[in-house]
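Since the structure comes first, as structure tokens, the remarks are kept for the end.
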Amino acid sequence: MAVSFPEKNAVERGTLYLVATPIGNMADLSSRALKILSEVDFIAAEDTRNSGLMLSRLNISKPMVSYHEHNRRSRGPVIADRLEAGESCALVTDAGTPAISDPGEDLVRLCAERGIPVTAVPGCCAAVTALSLSGISTVRFAFEGFLPASGRERGDRLNELKSEPRTLILYEAPHRLRQTLSDLYDALGNRSAALCRELTKLNEEIERLPLGDAVERYRDKEPRGEYVLVIEGLPVSEEQADYPENIAAHVALLEDGGLSRMDAIKAVAKARGVKKNEIYNAISRKEDTQ
Ligand code: SAM
């Protein structure tokens, strides 16, 4: 391939590298990732045992430190001190792109605050891989990571998502899949979905089906492997798109479709990019004339 621009390849002193690793298929590790992992001074890993196995398969032997959810507050400054002293570090997580639903975000922020250079070695990300395979609109999307596990927080989040017009992307573990599908169906209705599991692995499977059918299917089918759920956003009907001036009709249509008035107002405000007050005014004008 002819390259007509300078590439960022050599490991630089005092730099943190966010190195994406495969989500299931070792061949997806980029040659640049391999080079950076081989050349940095040390590697910070979410799970040193898992990453140690990966590194030994790659014939890389490097000093490692752990950096995970439970030690990030104390370990972050130690890593930053070493970077400031001139060492280079690669951050890797169990799979995929560091800082996307796994540790990393805090370390990036800390380095940015301390003026430490951070750069990325991009690669796999389960969310983007699933979205691209889903067949659902990729024009606008909202990454939601894992839903809160339970309680009010979960209910509030599901409520919020009802009026989200963008395609939704969620992560889920197999033992929680059935509950999550059923909660999503109850909250969002029978939207189109793609259940993407074991991406890039031998048993990769993409199930494209409405949420209600997914709930039914998994009554009998045992969830196995890791899942990304891609779900259609709140459908905006063609009628609404054709008649953007009719705000009250837009709200009424969504209410007919099962949304509460509050949720319909929120959805219309979001879809049209207008303030909620404007929606209230349009509704009361309509109700006054009836
Ligand atoms: N940082 C990672 C990334 O860039 O995708 C995500 C880490 S998050 C802790 C792990 C979740 O990602 C899993 O529970 C699953 O929902 C999703 N995931 C990771 N690998 C996957 C795969 N091969 N197939 C489907 N989902 C996967």
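With +1 assigned to the C-beta of every Lys and Arg and -1 to the C-beta of every Asp and Glu, and no other charges, what is the dipole magnitude of the range 127-234 about the Cα centre in debye, to the nearest 20?
60
When the GluC sites (Glu not before Pro) in the range 31-74 are filtered for DSSP coil states and for at most 13 other beta-carbon atoms within 10 Å of their beta-carbon, the remaining sites are Glu69. With all pairs of separate Cα atoms included, the chain yields a Kirkwood hydrodynamic radius of 21.7 Å. Summing +1 for each Lys or Arg and -1 for each Asp or Glu among the other residues whose beta-carbon sits under 13 angstrom from that of Asp94 gives -4.
Under a Cβ-Cβ cut-off of 12 Å, what is the net charge of the residues other than Ser56 that fall near it, where Lys and Arg count +1 and Asp and Glu count -1? Intermediate values should be presented prior to the final figure.
Numbers: positive: Arg49, Arg57, Lys62; negative: none.
Cβ neighbours under 12 Å give a net charge of +3.
The length gained by stretching the chain between Arg49 and Ser182 to full extension, at 0.36 nm per residue less their Cα-Cα distance, is 44.4 nm. For the range 250-290 versus the range 110-166, the spacing of their alpha-carbon centroids is 28 Å. Here the chain has 48 percent of its accessible surface on carbon and sulfur atoms, given a 1.4 Å probe and all protein chains in place. Looking at the chain, the accessible area is 53 square angstrom per residue; that uses a 1.4 Å probe and ignores ligands, DNA and RNA.
By DSSP, what percent of the beta bridges with both residues in the chain are antiparallel, rounded to the nearest 5? Show your work: numbers first, answer last.
Values: 17 of 35 bridges.
Taking every DSSP beta bridge within the chain, about 50 percent pair in antiparallel fashion.
For the chain, a Gaussian network of Cα nodes joined below 10 Å ranks Val251, Val11, Val78 by mean-square fluctuation, and the top entry is Val78.
May I ask you to derive the relative contact order of the range 1-111, considering only C-alpha pairs under 8 Å and at least 6 residues apart, and to give it as an integer percent? If you can, show how the numbers build up before the last one.
Values: 168 pairs, mean separation 42.9, N = 111.
The normalised contact order for the range 1-111 reaches 39 percent.
Close Lys pairs in the chain (alpha-carbon distance under 22 Å; sequence gap of 8 or more, or different chains): 14. Evaluated with a Cβ-only charge set (Lys, Arg +1; Asp, Glu -1), the chain carries a dipole of roughly 480 debye about its Cα centre, given to the nearest 20.
The values are calculated or read from the model by the stated rules, or taken from the named source; none is laboratory data. Not measured: the values here are computed from a predicted model. Here Cβ is always computed from backbone atoms with ideal geometry, including for glycine, and neighbour counts include all displayed protein chains. Quick note on the areas: whole protein, heavy atoms, side chains included, nothing else; ligands and nucleic acids left out. Shrake-Rupley method; radii C 1.70, N 1.55, O 1.52, S 1.80 Å.
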